[in-house]
Amino acid sequence: MKYWISGTGGENGGCPLPSICLYDTEAARPSLWESTLSGPTWLDLWEDKLLAVGEQEDSGCVYLFRREGDCCTLLDTRPIDGTSFCHLTVFPRHRVVAGACYGTGHVFTLKITETGFGGMKSWIRQSDEPLTRAHCIICDSAETTAYTANIALDRLYSYDIAEDGALTNERYLQLPKGEGIRHLLLREDTGMLYATTEYSNRILIIDVSGSEPVFLGGVDALEPDFAMPSYLSGLCMNSAGTLLYAANRGADTFSVFRVEGKELQKVAERPCFGKFPRSLALVENETAIAAANQNSNSVIFVGLDQDGIPTEPIRVIPFLKPMFIRQTD
């Protein structure tokens, strides 16, 4: 099994350590390809391309690689004016990469060509408020609508996607104050959008099947008696659309929810066997869940029982400050 792993990286005795790695659990030398570029905290794959965030507090950039077998060649690097550029998604049909900047509240779309990046198609600051923090940006499979989360403003922003890849017709759903909407997951067959929250530790449920998004409520991710600081992060769903998993940074657990129509029912909370889990992914034919445990410098693979509940660790990949994990072909 092969996995893309990325994070902030660092040094050991003055030698740079990988910040991006293609890892093969079945190979004699499992690390097939590595890069030490700065700040690749999120990745996306498209055709023969690998795109990576270059996240910095006072700047940012987006990296474009061409993949050839198990190796990658850097094609282009484009500086981004916004700070703490933290998330990107490729819109394949429009041949653009969409990004969100936590530090300045900007979202953008940037053209992708065969040899590098083209022109900027959108550059939008969400609100004139002094503090605005854009985070996750995703789109539907038809690429008609893009959704972004703004943590500071407690808003789900929506945009139409024009034929040239520009984001147009901005509107937003105002959510309850203090939620801190962070990461988004869209289930298109039911029209439900799920979101983790950074401040309230809830999974929000939003119906986007109609002409306007409708907030349906939220479900607590942590037990009522948990009193320590914790912040929800990544989430993922099984292919059947029946179970939703979320990562709790601080509590250092997985929360598991059963999907029941337009509602969620929390069914379990289990340890993630590390510290500060960020990205999550169901892997190995959904027999395990993998977590990038940022503060314990490891990606942990935890087995799932017949009901989809995490059990015990089955594999550990050492990696300095991991923030992203995804299985690949």
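Keeping the other protein chains in place, figure out the carbon and sulfur percent of the accessible area of the chain, with a 1.4 Å probe.
47
Quick one: net charge of Val283's neighbours, Cβ under 10 Å, K/R +1, D/E -1?
Local net charge: 0.
With a 1.4 Å probe and every protein chain left in place, work out the accessible area per residue of the range 101-187 in Å², rounded to a whole number.
On a per-residue basis, the range 101-187 sits at 37 Å².
Can you list the lysines whose alpha carbon is less than 24 Å from that of Lys177, not counting same-chain residues fewer than 8 positions off?
The qualifying lysines are Lys262, Lys266.
Tell me, what ³J(HN,Hα) does each residue in the range 253-266 have, in order and in whole Hz, if you take phi through Karplus 6.51 cos²θ - 1.76 cosθ + 1.60 with θ = phi - 60° and put x for Gly and Pro?
9, 9, 9, 10, 10, 8, 7, 10, x, 9, 10, 10, 10, 5
What's the FRET efficiency of Thr190 with Ser31 using the Cβ-Cβ distance as r and R₀ = 35 Å, to the nearest 0.05?
Here the calculated transfer efficiency is 0.35.
Using a probe radius of 1.4 Å on heavy atoms only, what accessible surface per residue do you get for the range 197-322? Whole Å² is fine.
Result: 43 Å² of accessible area for each residue.
Peptides 105-116, 289-300, 25-36: what's the order by average Cβ count within 10 Å, highest mean first?
Top to bottom by mean Cβ count within 10 Å: 289-300, 105-116, 25-36.
What do you reckon, how do Arg125, Arg182 stack up by accessible area (1.4 Å probe), largest on top?
The ranking, largest first, comes out as Arg125, Arg182.
Taking the simple approach of a point 7 Å from Cα along Cα-to-Cβ for both Arg258 and Arg78, what is their distance in nm?
Result for the modelled spin labels: 4.6 nm.
Using 0.36 nm per residue, how much length does the chain from Glu57 to Thr115 gain when fully extended, once their Cα-Cα distance is taken away?
Length gained, Glu57 through Thr115: 18.1 nm.
Using a 1.4 angstrom probe on the protein heavy atoms only, line up Arg326, Arg93, Arg202, Arg249 by accessible area, largest first.
Ranking Arg326, Arg93, Arg202, Arg249 by accessible area, largest first, yields Arg93, Arg326, Arg202, Arg249.
Can you give the convex hull volume of the alpha carbon atoms of the range 266-329 per residue, in Å³?
With only Cα atoms used, the range 266-329 gives 82 Å³ per residue.
So for the pair Asn297, Asp140, with labels modelled 7 Å out along Cα→Cβ, what separation do we get in nm?
4.6
Give the lysines reachable from Lys275 as a straight Cα distance under 17 Å; neighbours fewer than 8 places away on the same chain don't count.
Counting by Cα, and skipping residues close in sequence, Lys275 has these lysines nearby: Lys321.
What nm value, rounded to one decimal, do you get for the distance between Lys177 and Glu284 when each label is placed 7 Å out toward the C-beta?
Once both label points are built, they end up 4.8 nm from each other.
The values are calculated or read from the model by the stated rules, or taken from the named source; none is laboratory data. Model, not experiment: these values are computed from the prediction. Please note: Cβ atoms are built from the backbone with ideal geometry, for glycine as well, and neighbour counts cover all protein chains shown. Heavy atoms of the whole protein, side chains included, go into the accessibility calculation; ligands, DNA and RNA do not. Shrake-Rupley method; radii C 1.70, N 1.55, O 1.52, S 1.80 Å.
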